[in-house]
Amino acid sequence: MASGKLSDLEIQRALGTLPGWARRGDVLVKTFVRSTFADGIAFVGRIAEAAEAMDHHPDIDIRYTKVTCTLWSHDAGGITQRDLDLAARIEALA
């Protein structure tokens, strides 16, 4: 279960610690550029393992060397602390 939906101010403050992540409505988004398609796929595998361990699953779009991650908590109807935690974990994997 997701924690409660965060306020606009809480989200804005957190984005200051997540380089390249942006808020688009009720989701957090970032596109990562990898050196090769295979590196992008390997990166997605690392994200999948981390997300599974957190029981929180992002939308991931793969376009050749670009990997776009979209995070939000469906059950809360927006961005929660779990999304910020997963974004930080993805940053560490990048």
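Any read-out appearing in this document is the output of simple, stated calculations on the displayed coordinates, not a laboratory observation. Since the model is a prediction, treat every value here as computed from it, not as a measurement. Cβ atoms come from the backbone with ideal geometry, glycine included; neighbour counts cover every protein chain shown.
Could you check region 46-69 and list, in sequence order, the residues that are part of a helix (DSSP H, G or I) and either farther than 14 Å from Ala92 by Cα or touching a residue at least 60 places away in the same chain (Cβ under 8 Å) (or both)? Let's see the steps before the verdict.
As a first pass, look at region 46-69 and keep what is part of a helix (DSSP H, G or I): 46-54.
Glu52, Ala53, Met54 - these are the residues of region 46-69 that are part of a helix (DSSP H, G or I) and either farther than 14 Å from Ala92 by Cα or touching a residue at least 60 places away in the same chain (Cβ under 8 Å) (or both).
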Check your understanding: Hey, does region 37-49 have a residue that's surrounded by 18 or more Cβ atoms within 10 Å (Cβ to Cβ), touching a Leu at 6+ places or on another chain (Cβ under 9 Å), closer than 23 Å to Gly4 by Cβ and not small (Gly, Ala, Ser)?
Key -> no
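Touching a residue at least 60 places away in the same chain (Cβ under 8 Å) and either within 13 Å of the chain's Cα centre (by Cα) or in a strand (DSSP E or B) (or both): which single residue out of Leu6, Leu28, Leu84 fits that description? Can you show your working first?
Numbers: Leu6 fails: either within 13 Å of the chain's Cα centre (by Cα) or in a strand (DSSP E or B) (or both); Leu28 fails: touching a residue at least 60 places away in the same chain (Cβ under 8 Å).
Being touching a residue at least 60 places away in the same chain (Cβ under 8 Å) and either within 13 Å of the chain's Cα centre (by Cα) or in a strand (DSSP E or B) (or both) holds for just one of Leu6, Leu28, Leu84, which is Leu84.
When the residues of region 70-81 are filtered to those that are surrounded by fewer than 16 Cβ atoms within 10 Å (Cβ to Cβ) and part of a loop (DSSP other than H, G, I, E, B), which remaining residue is nearest to the chain's Cα centre (by Cα)?
So the first thing to find is which residues in region 70-81 are surrounded by fewer than 16 Cβ atoms within 10 Å (Cβ to Cβ), and the list is 70, 74-75, 77.
Next, from what is left, pick out any that are part of a loop (DSSP other than H, G, I, E, B): 74-75, 77.
Numbers: His74: 13, Asp75: 16, Gly77: 16 Å.
Here the answer is His74.
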